[in-house]
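The values are calculated or read from the model by the stated rules, or taken from the named source; none is laboratory data. Quick caveat, the model's predicted, so the values are computed rather than measured. Here the Cβ is made from the backbone with ideal geometry for all residues, glycine too, and neighbour counts use every protein chain on show. These accessible areas exclude ligands, DNA and RNA; they are computed on the full protein's heavy atoms, side chains included. Shrake-Rupley method; radii C 1.70, N 1.55, O 1.52, S 1.80 Å.
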Amino acid sequence: MVGGSGLVGRHLIQALAADDWEIVSTQRRVPTEVFATHRVIALDLLDGRAARAALGEAGDVTHVFFLARAWQPGYLIERNANVEALTVVLEALQDLPSLMHVQLIHGLKWYGSTLGPFQNPARESDPKLPVEHFYYDQRALVEARARGRHWHWSTLRPHCVCGIATGSPSNLMLGLGVYAALTRAQGKPLSFPSTQAAFEARLTVTNADLLTRAMLWAATDPAAQDQDFNVANGDTFSWREVWPVYARAFGMEPAGPQPRALCEEMPALAERWRELARREGLAFDELSTLVDWHFMDATLALGWDQTMSLDKLRRHGFGDAVDTSAMILDILTAYRHQGILPR
């Protein structure tokens with residue numbers, strides 16, 4: 001697994017361990033703990049020579065789950081760096097006799113979801129946009145490298161992956177929980193921090209556990225070989241519909257849209273979060289390590305529908321579904337039980 005320290009990686013490690021896989025995970029920083037479930041190799045994929053040497057220690061790799069992302073502060077994702085990172089991995093592993101499958105995790109940005117209104121629901125057969133994007137480059141790269149070799153590939157396209165993780169600031173559910181906790185601490189109702197259009201838009205999101213089940217299916221089922229699949233919970237919703245559910249989870253009154261920049265407003269509440277963390281005995285008292293507010297602004301700002309068709313996924317044999325409203329409550333409850341969010 002390449003990039004195992006993020007939200008998806010942590011959920012995937014749990015799923016692989018439960019299924020008795022032998023797991024090797026790479027991450028940029030040297031881990032401070034020893035894991036019973038997997039072996040960790042510390043490497044920086046942008047240091048090509050060192051990364052190739054480190055990947056040589058991985059052994060007889062059978063499946064590559066490529067989850068790594070290169071970005072700069074402010075949630076600026078770098079096209080060239082992300083293509084180079086995948087290139088380094090493939091050059092190190094593509095000729096291993098043991099290799100069976102390489103899987104990429106992309107997303108709804110494949111269809112231009114952040115650029116403006118697009119065809120809804122998005123389908124895997126939709127034409128690529130006339131723009132440059134590292135998703136397109138990575139997809140072309142893995143298909144080209146697989147040609148003439150014995151292994152297969154798959155790409156999965158989730159949207160707004162929702163799960164339980166820390167140390168992964170691009171995390172919608174934890175960001176919403178921290179936002180609610182700080183808003184409650186100020187005695188304010190829970191307003192939606194974006195526009196009316198974003199409040200009303202139809203959305204799909206992807207539960208992290210559902211995604212990992214789809215990842216394992218796509219990596220091991222012959223029906224999924226050399227295919228692209230949208231992956232989502234299976235329902236659609238608007239923030240207007242689920243906002244009261246979310247507010248009630250914190251004992252708050254829901255309020256409508258109040259557009260503002262969380263990346264400017266929330267960092268100023270860092271000391272208030274420290275006070276809250278000390279009073280509640282929370283596990284993390286540094287706000288900047290929990291949430292990327294640029295990511296939250298970008299995710300909540302889109303004022304158009306963002307839905308995807310799951311027809312292809314269903315036709316090929318994966319039929320799992322998750323109720324989004326129930327998922328939101330389950331995830332927020334778990335964060336509270338773990339002492340990450342206040343009760």
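Please report, in debye to the nearest 20, how large the charge dipole of the chain is about its Cα centre when each Lys and Arg carries +1 at its beta carbon and each Asp and Glu carries -1 there.
380 debye
Would you mind classifying region 175-225 by shape? Square roots of the alpha carbon gyration tensor eigenvalues, ordered a ≥ b ≥ c; an a/c under 1.5 is rounded, otherwise it is prolate if a/b is larger than b/c and oblate if not.
oblate
Amide H of ILE41: which non-local residues (sequence gap of 5 or more, or other chain) have their own amide H closer than 5 Å, using H built in the peptide plane?
The answer is SER25, THR26, GLN27.
Amide H to amide H, which residues 5 or more places from GLN306 or on other chains are under 5 Å from it, using H placed in the peptide plane?
It is ARG202, LEU203, THR204, by chain and number.
Could the peptides 183-189, 93-99, 206-212 be put in order, highest first, of the mean number of other beta-carbon atoms found within 10 Å of their residues?
In descending order of packing, they fall as 206-212, 93-99, 183-189.
For the ranges 17-26, 149-158, what's the packing order if you count other beta-carbon atoms within 10 Å of each residue, average per peptide, and put the highest first?
Result, highest mean Cβ count within 10 Å first: 149-158, 17-26.
Given a 1.4 angstrom probe, I'd like the percentage of the accessible area of the chain that is carbon and sulfur, rounded to a whole number.
Heavy-atom surface of the chain belonging to carbon and sulfur, 1.4 Å probe: 50 percent.
Between VAL245, ALA81, ALA70, whose Cα lies farthest towards the positive end of the dipole of the chain when Lys and Arg beta carbons carry +1 and Asp and Glu beta carbons carry -1, centred on the Cα centre?
Farthest along the dipole direction, towards plus: VAL245.
Take every DSSP beta bridge with both residues inside region 135-288 and express the antiparallel ones as a percent of the total, to the nearest 5. Walk me through the numbers on the way to the answer.
On the way: 1 of 9 bridges.
Bridges in region 135-288 that DSSP calls antiparallel: roughly 10 percent.
How big is the gap, in Å, between the Cα center of region 295-338 and the Cα center of region 88-135?
After rounding, the separation between the Cα centres reads 19 Å.
Run the dipole for region 245-304 about the Cα centre, Lys and Arg Cβ at +1, Asp and Glu Cβ at -1, nothing else charged, and hand back the magnitude in debye, nearest 20.
Approximately 200 debye in magnitude.
Across region 325-337, in residue order, what do the Karplus-derived ³J(HN,Hα) couplings come to in whole Hz, using 6.51 cos²θ - 1.76 cosθ + 1.60 with θ = phi - 60° and x for Gly and Pro?
Once θ is set to phi - 60°, the couplings for region 325-337 become 4, 5, 4, 4, 5, 4, 5, 5, 4, 5, 4, 6, 5 Hz.
So what is the calculated 222 nm ellipticity per residue for the chain, using -39500 (n - 2.57) for each DSSP H run with n of 4 or more, over all residues, to the nearest 500 deg cm²/dmol?
Dividing the helical sum by the residues of the chain leaves -11500 deg cm²/dmol.
How long are the semi-axes of the equivalent ellipsoid of region 292-343, taking √(5λ) for every eigenvalue λ of the Cα gyration tensor, in whole Å from largest down?
Working: eigenvalues 153, 81, 16 Å².
Over the Cα atoms of region 292-343, the semi-axes work out to 28, 20, 9 Å.
Per residue, how much accessible area does the chain show when a 1.4 Å probe rolls over the protein heavy atoms, in square angstrom?
44 Å²
Work out from phi, with θ = phi - 60° and the Karplus expression 6.51 cos²θ - 1.76 cosθ + 1.60, the ³J(HN,Hα) of each residue of region 155-170, listed in order in whole Hz, and give x for Gly and Pro.
10, 10, 10, x, 9, 6, 4, 10, x, 10, 6, 10, x, 10, x, 7
Would you kindly derive the ³J(HN,Hα) couplings of region 127-143 from the backbone phi angles with the Karplus curve 6.51 cos²θ - 1.76 cosθ + 1.60 (θ = phi - 60°), listing them in order in whole Hz, with x for Gly and Pro?
In residue order, the calculated couplings are x, 5, 7, x, 9, 8, 8, 5, 4, 4, 5, 5, 4, 5, 5, 5, 5 Hz.
Please list, short to long, the whole-number percent of alpha-carbon pairs of region 76-115 in consecutive 5 angstrom bins beginning at zero.
Pairs per bin, as whole percents: 6, 16, 21, 23, 15, 11, 6, 2, 0.
In whole Å, what are the extents of the chain along the principal axes defined by its C-alpha atoms, from largest to smallest?
Over the chain, Cα extents along the principal axes are 62, 45, 34 Å.
Near LYS188, which aspartates and glutamates are there with a Cα under 12 Å away, not counting those fewer than 8 places off in the same chain?
GLU253
For PHE229, enumerate residues with amide H under 5 Å from its amide H, sequence gap 5+ or separate chain, H modeled in the peptide plane.
The answer is THR155, LEU156, ARG157.
LYS109: which lysines have alpha carbons under 23 Å from its alpha carbon, excluding same-chain residues fewer than 8 sequence positions away?
By straight Cα distance, LYS109 reaches LYS128, LYS312.
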